[in-house]
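The block underneath contains the structure these notes are about, expressed in structure tokens.
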There are 2 protein chains.
Amino acid sequence: MASPALRNPSLLIHLHHHHPRRLATAILPQTILSLLSSSLRTPTFRAHSTSAQTRPLPTDNARTGRSGSLSSPPVQPDFSEKIDVNPPKGTRDFPPEDMRLRNWLFNNFKEVSQVYGFEEVDFPVLESEALFIRKGGEEIRDQLYCFEDRGNRRVALRPELTPSLARLVIQKGKSVALPLKWFAVGQCWRYERMTRGRRREHYQWNMDIIGIPDVTAEAELISSIVTFFKRIGITASDVGFKVSSRKVLQEVLRRYSVPDHLFGRVCVIIDKLEKIPIDDVKKELRSAELSEEVVEELLQILSVKSLVKLEEKLGTVGEALADLKQLFSLAEKYGYSEWIQFDASVVRGLAYYTGIVFEGFDREGKLRAICGGGRYDHLLSTFGGDDIPACGFGFGDAVVVELLKEKGLLPEVSPQVENIVCSLDQDLQGAAAAVASVLRQKGQSVDLVLENKPLKWVFKRAARINAQRLILVGNAEWQKGMVGVKILSSGEQYEVKVDELE
Amino acid sequence: MASPALRNPSLLIHLHHHHPRRLATAILPQTILSLLSSSLRTPTFRAHSTSAQTRPLPTDNARTGRSGSLSSPPVQPDFSEKIDVNPPKGTRDFPPEDMRLRNWLFNNFKEVSQVYGFEEVDFPVLESEALFIRKGGEEIRDQLYCFEDRGNRRVALRPELTPSLARLVIQKGKSVALPLKWFAVGQCWRYERMTRGRRREHYQWNMDIIGIPDVTAEAELISSIVTFFKRIGITASDVGFKVSSRKVLQEVLRRYSVPDHLFGRVCVIIDKLEKIPIDDVKKELRSAELSEEVVEELLQILSVKSLVKLEEKLGTVGEALADLKQLFSLAEKYGYSEWIQFDASVVRGLAYYTGIVFEGFDREGKLRAICGGGRYDHLLSTFGGDDIPACGFGFGDAVVVELLKEKGLLPEVSPQVENIVCSLDQDLQGAAAAVASVLRQKGQSVDLVLENKPLKWVFKRAARINAQRLILVGNAEWQKGMVGVKILSSGEQYEVKVDELE
């Protein structure tokens, strides 16, 4: 008897394949169970019978395409310019392994937000540029990822979420009942020269409370971040929050009768202290019409690290001190005192903050700020709306991952699938599909093997996708309405009726 | 004894408030339970005691801000241009109610994909324009949302996900084991004149199988969409799939010796049949160097609606027929035969499809295509990579929602929170925070009331956010380590120790 390969020329492909494999020329009567148990010892055994002769076998090498009886050279491509296979500079693809980590992180963001009773919102990633153009020399404006669209409108990929949120709150107007507690996880963009390995996009988790003038709101926000850190294994010895209030600076400025309209700009300049030389900061402050004396007083107050000292400087009457005291008192009740510390040098780089500001930092001092936020009671009026007291924070997806790596806390998020279903015979592909359907209707996840492959290949794939069990559909068993099952962790194997598959 | 309002002027604010309310001038010894049961009958009773006098009460009207002892006029805004409060033309905000629906839809996309053993991936929403520029007159190219960035690079907001996927597959090269089964849910953009109420962005669910030359892959993809429809309540009498193969047209073109490189372009022209007059289609086909005879033959074959007739036209040898027969046979095994029908007029508008194409449609014929997909075995070589057989589909978030509305199947996705926690006394705000923390540590969701509010307000908020129970922290109970609980569905109420809260 001639071998099938000689009788059917299309099978010859396999003989010349770069992974040479023996064809199953004569399958002896064999149960699925014996196949299952022998498969690892006889790895070249193919998971199909000779009935595959009735139809040309698909080849392993995908590039050769199918070898149908009607010769079918590939359709000419419309064009064939070689494209850059990397994502645009500063951006990321998320192949499955990265996407699993991203989902793990985002699910933690979302679950914490929900535990705090926040509702999810989102906004367009492309906004009108005007939404982000503020005076005050913010870094965020210089790095705006902006364009002119085909209708000659100035648009920008959002650098942050808060302006969109403010826009939506104004739009909703009196139709929403305050307070709003909203969270979002969205991609933000900046156009930065690609130094320091910083990317042009990142995802940011935001939580905002709109309509609460009291520091109870800031205390609640910091509590939620602490809850998040604890969930992912970060402790108070890894991370802390530096907390201050912009009202500290405001009180100094007012004492020296500096006009209020300079406030935002001065804060943005002061925020540069850790990034540019102090003399440059002083120069910028003086060019903002601040006298030498005010500049020195501002710089002095920034070095204060305790509320006792702050009280010595400011006296007992101001809001800055009252707010901060209340916040530290609430932190005690929440149980996160050890996470926070007063530090007057925290100002944050956004012009719109008006009160409490805070920033999460790693205690080893190796990384940039992990997150930051504060109160922005007057942002809405800058957009022409009526002011509503509000506060919120932004928490990026980049620094926290660096931190988790540093601490050895990055989780291994493996792929997971409950079943891998495979037919032993090309004619049984439909039967395997039926078995997969039964399991899927029960909510089970199934990777269905879509080609005839050697059992060795199937076992390798099962291991790679972390399948819990292998279900084999073979001819003899199928005629009895049964399939072979192998539990991959234990090696246990048995036959079972398809309708009894759980 | 003078009323507190007269002793403390700041309380007068409430008397002049636009929601006039009676102040609790003399609180009699009262348990939380009596408060809870009376609250609905005496709605103006405030949820705080007279101890609130020690600190000015926050007002209900958020705009008045806090009334601290140090007068604090608002910081002058940096600018005050009135911005457009609407999202950019053709884009959407997602306030909570819309986000809940979006999450419901996306979770169904994701869960179905996982049940089919697919892994999630993502790509940048901003890609190099070159990735999307194909010859062939596709609508998708004319509507590219493209820009020049600040580095003078041509970039585009992706109109679809498949080119990015192809780019990533090429980039990964031999480091990934085939087949890949990937899914993504991502936002796609087009710049279209804003007629017909179509938007400029939508989200698209994609599932792709890379590395399987056989129709088993297409059968698996259609099965997953059917599973999705069933999950959301759509039946085979609501929706069907029109299925064809581009190889039908290819075989006709080859019979007339039309060069292969015209194939993609011809398909794109034919796809316009339902959008522009037939004479314009004919004109375009003739301008693509097709003879009158070929054009007539093409248009004839497009009217074929059964495989029997197709076999009469094409004979039995071609791949087109074999593929389609195999697909219909597999559909029977999967159990979705009633969902699919052969219809040669389905071509799809993307140039890169090479084999089976399909599209989901509503049987009432009111809506545009709900989803569509097909085989694109040669897309990778158009990007300079080696070809790998592949197929996939795109499923937008717009038409399916219209369909659900039509059918009355749009779910009511309400906000949900397990607890609303409220202190009865401003001094107990920290205690309420502590109670909230206890519950949150147990994984329960808590909306913590962050200001002193009348109980009527608290009950209204509880109803709006669908809270399951109200937890009240009052002075007398708190001193015993207890809180008051009211189950909001049944009205049942009791006191419980904080550490026994479940």
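The values are calculated or read from the model by the stated rules, or taken from the named source; none is laboratory data. The model shown is predicted, which means the values in this text are computed figures rather than measured ones. Counting neighbours? That spans all protein chains shown, and the Cβs are built from the backbone with ideal geometry, glycine included.
Looking only at the range A:139-174, filter to residues that are in a loop (DSSP other than H, G, I, E, B) and either in contact with a Lys or Arg (Cβ under 7 Å, 6 or more places away or on another chain) or aromatic (Phe, Trp, Tyr) (or both); which one of those is farthest from residue B:90 (Cα to Cα)? It comes out as A:143. Every condition in (1) in contact with a Cys (Cβ under 9 Å, 6 or more places away or on another chain); (2) at pLDDT below 95 is met by residue B:212 except one, and the failing one is (2). Take residue A:432 and tell me if it is over 22 Å from residue B:115 (Cα atoms) and buried (at least 18 other Cβ atoms within 10 Å of the Cβ). For residue A:432, the condition - over 22 Å from residue B:115 (Cα atoms) and buried (at least 18 other Cβ atoms within 10 Å of the Cβ) - is not met. Residues of the range A:221-265 that are more than 27 Å from residue A:366 (Cα to Cα) and either buried (at least 24 other Cβ atoms within 10 Å of the Cβ) or among the hydrophobic types (A, V, I, L, M, F, W, C) (or both): A:247, A:248, A:249, A:252, A:253, A:258, A:262, A:263, A:264. What about residue A:448, is it within 16 Å of residue A:429 (Cβ to Cβ), surrounded by 20 or more Cβ atoms within 10 Å (Cβ to Cβ) and more than 36 Å from the chain's Cα centre (by Cα)? Here the answer is no, as residue A:448 does not meet what is asked. Name the single residue, out of those in the range A:272-290 being at pLDDT below 90 and surrounded by fewer than 14 Cβ atoms within 10 Å (Cβ to Cβ), that is farthest from residue A:139 (Cα to Cα). Within the range A:272-290, the match that is farthest from residue A:139 (Cα to Cα) is A:289.
Which residues, counting only those in the range A:340-377, are in contact with a Ser or Thr (Cβ under 7 Å, 6 or more places away or on another chain) and assigned to a strand (DSSP E or B)? Listed by number, the residues that qualify are A:342, A:356, A:357, A:375.
One line per residue, one yes/no per condition, for (1) of a type in the set (Asp, Glu); (2) facing another protein chain (nearest Cβ under 7 Å); (3) farther than 30 Å from residue A:265 by Cβ; (4) in contact (Cβ under 8 Å) with a residue 40 or more places away in the chain:
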position: A:83; (1), (2), (3), (4): no, yes, yes, no
position: A:119; (1), (2), (3), (4): yes, yes, yes, yes
position: A:123; (1), (2), (3), (4): no, yes, no, yes
position: A:132; (1), (2), (3), (4): no, no, no, no
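Within the range B:454-488, being aliphatic (A, V, I, L, M) and either modelled with pLDDT under 95 or assigned to a helix (DSSP H, G or I) (or both) holds for B:455, B:458, B:462, B:463, B:476. Which pairs turn up if I take residues in the range A:350-372 that are away from chain B (no Cβ under 14 Å) and look for partners that are acidic (Asp, Glu) with beta carbon separation below 6 Å, at least 6 apart in sequence or on another chain? Qualifying pairs under 6 Å: A:367/A:402; A:369/A:359; A:372/A:359.
Once the range B:85-102 is narrowed to residues that are part of a helix (DSSP H, G or I) and at the interface with chain A (Cβ under 7 Å from one of its Cβ atoms), the residue that is farthest from the chain's Cα centre (by Cα) is B:96. The set of residues from the range B:318-337 being without any contact (Cβ under 8 Å) to a residue 60 or more places away in the chain, more than 18 Å from residue A:428 (Cβ to Cβ) and facing chain A (nearest Cβ under 9 Å) comprises just one member, B:322.
Of all residues in the range B:435-445, those that are among the hydrophobic types (A, V, I, L, M, F, W, C) and surrounded by fewer than 24 Cβ atoms within 10 Å (Cβ to Cβ) total 2.
Please determine whether any residue of the range A:425-435 is within 39 Å of the chain's Cα centre (by Cα) and more than 8 Å from every other protein chain (Cβ to nearest Cβ). Yes, the conditions are met somewhere in the range A:425-435. State whether one or more residues within the range A:323-339 are part of a loop (DSSP other than H, G, I, E, B), at pLDDT 95 or above and hydrophobic (A, V, I, L, M, F, W, C). For the range A:323-339, residues part of a loop (DSSP other than H, G, I, E, B), at pLDDT 95 or above and hydrophobic (A, V, I, L, M, F, W, C): absent.
Taken together, the residues in the range A:440-452 that are modelled with pLDDT of 95 or more, more than 20 Å from residue B:110 (Cα to Cα) and more than 7 Å from chain B (Cβ to nearest Cβ) amount to 1.
As a summary of the residue check, residue A:202 satisfies the conditions (1) surrounded by fewer than 24 Cβ atoms within 10 Å (Cβ to Cβ); (2) at the interface with chain B (Cβ under 10 Å from one of its Cβ atoms); (3) touching a strand residue (DSSP E or B) at 6+ places or on another chain (Cβ under 6 Å); (4) of a type outside the set (Asp, Glu) except for the one numbered (2). Of all residues in the range A:390-430, those that are hydroxyl-bearing (Ser, Thr, Tyr) and either modelled with pLDDT under 95 or out of contact with any helix residue (DSSP H, G or I) (no Cβ under 7 Å at 6 or more places or on another chain) (or both) total 1.
In the set (1) more than 10 Å from every other protein chain (Cβ to nearest Cβ); (2) among the aromatic types (Phe, Trp, Tyr); (3) farther than 30 Å from residue B:99 by Cα, the condition left unmet by residue B:393 is number (3). Would you confirm whether or not the range A:333-345 contains a residue that is surrounded by 19 or more Cβ atoms within 10 Å (Cβ to Cβ) and β-branched (Val, Ile, Thr)? Checking the range A:333-345: at least one residue is surrounded by 19 or more Cβ atoms within 10 Å (Cβ to Cβ) and β-branched (Val, Ile, Thr).
Can you name every residue in the range A:408-426 that is acidic (Asp, Glu) and under 23 Å from residue A:451 (Cβ atoms)? Steps first, please.
Within the range A:408-426, the subset acidic (Asp, Glu) is A:412, A:418, A:425.
A:418, A:425, listed by residue number.
Checked across the range B:141-149, the condition of being in contact with a Pro (Cβ under 7 Å, 6 or more places away or on another chain), facing chain A (nearest Cβ under 7 Å) and in contact (Cβ under 8 Å) with a residue 24 or more places away in the chain holds for no residue.
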